[in-house]
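For reference, the structure discussed in these notes is given below.
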Amino acid sequence: MSNRIDTCFETLSRTGSKALVPFITVGDPDPAWTVDIMHALVRAGADLLELGVPFSDPAADGPVIQLASERAISRGVTLCSVLETVEAFRCQDPDTPIVLMGYLNPLERYGHEAFARDAARAGVDGVLMVDCPPEEMAGLRVRMDEHGIYTICLVAPTTTSERLQFIAGQAKGYLYYVSFKGITGANSLDETGLAGPIREIRLHSDLPIAVGFGIKNADNAAAVAGLADAVVIGSALIERLQNAGSCDEACERVMGFLAPIRDAMDNRN
């Protein structure tokens, strides 16, 4: 069975479209709303969903996602409940790819084999562990490969050509380019500096390139879509969810935020 991530990017490539990849933290603002919010994101034009696994020490994340993790943890969200959320989403949507993004500690506690098995059963397509460098990923990758789950790799502005070549040899699904040195949500994106790094990545890999960190609005997204294969937007979306009073309001907010971004990406020319 082919991985949904490959199918997604192959379909987009045929139409000349770029992937819109929203990131939300599972369980925020309310665990009972997450599945409905995921469906709302797809209705608004999302091609692939990145789900944040709440963690108590999210070192790569800025205050917006840190607080989202804290709120989710306070409501009892665990890695097990994240998988239950994916499984519930799959009851109505068997096609949209899902990547879990988070930190290694919860997965280590769960166990590599058990996690790979349960994640595959739930309908997970990829994992992105931001604190697990490729050199330390061999054992995890073996388990993920056995169950058809891709290990997504990060590329940073500081990544050397030699290291990029190594990462490209390990990566599957797509490469996630971190657009600036810093934490999530910390800066506004300067799109003018992306062309060179993306060109360098393409010299080493045929995988699609997703760009994340600092993308806050439709103009940012359209500019990135002109260079990369996917646009990841997280902190700005999570900010829209804060203080939503109901599930319906949360879904309306994310659709109202994401739909113009989808439109800008599709009409960038």
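The values are calculated or read from the model by the stated rules, or taken from the named source; none is laboratory data. Everything numeric here is computed off the predicted structure, so don't read it as measured data. Heads up, the Cβs are rebuilt from the backbone with ideal geometry, glycines too, and the neighbour counts pull from every protein chain shown.
Tabulated values for the structure
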read-out: Residue in the range 97-104 that is farther than 27 Å from residue 236 by Cα and either at pLDDT below 95 or of a type in the set (Asp, Glu) (or both) present; value: no
read-out: Any chance residue 234 is small (Gly, Ala, Ser) and either free of Cβ contacts under 8 Å to residues at least 24 places away in the same chain or buried (at least 21 other Cβ atoms within 10 Å of the Cβ) (or both); value: yes
read-out: Residue 166 vs. criteria part of a helix (DSSP H, G or I), of a type in the set (Phe, Trp, Tyr) and farther than 25 Å from residue 72 by Cα; value: yes
read-out: Pick from the range 7-50, criterion within 22 Å of residue 215 (Cβ to Cβ) and in contact with a Cys (Cβ under 7 Å, 6 or more places away or on another chain), ranking: surrounded by the most Cβ atoms within 10 Å (Cβ to Cβ); value: 48
read-out: Only listed residue being in contact (Cβ under 8 Å) with a residue 24 or more places away in the chain and either of a type in the set (Ser, Thr, Tyr) or over 25 Å from residue 66 (Cα atoms) (or both), chosen from 102, 148; value: 148
read-out: Evaluation of residue 64 against (1) surrounded by 15 or more Cβ atoms within 10 Å (Cβ to Cβ); (2) β-branched (Val, Ile, Thr); (3) over 17 Å from residue 28 (Cα atoms) (one fails), failing number; value: (3)
read-out: Subset tally (residues that are touching a Leu at 6+ places or on another chain (Cβ under 9 Å), among the aliphatic types (A, V, I, L, M) and outside any helix (DSSP H, G or I)) for the range 115-148; value: 5
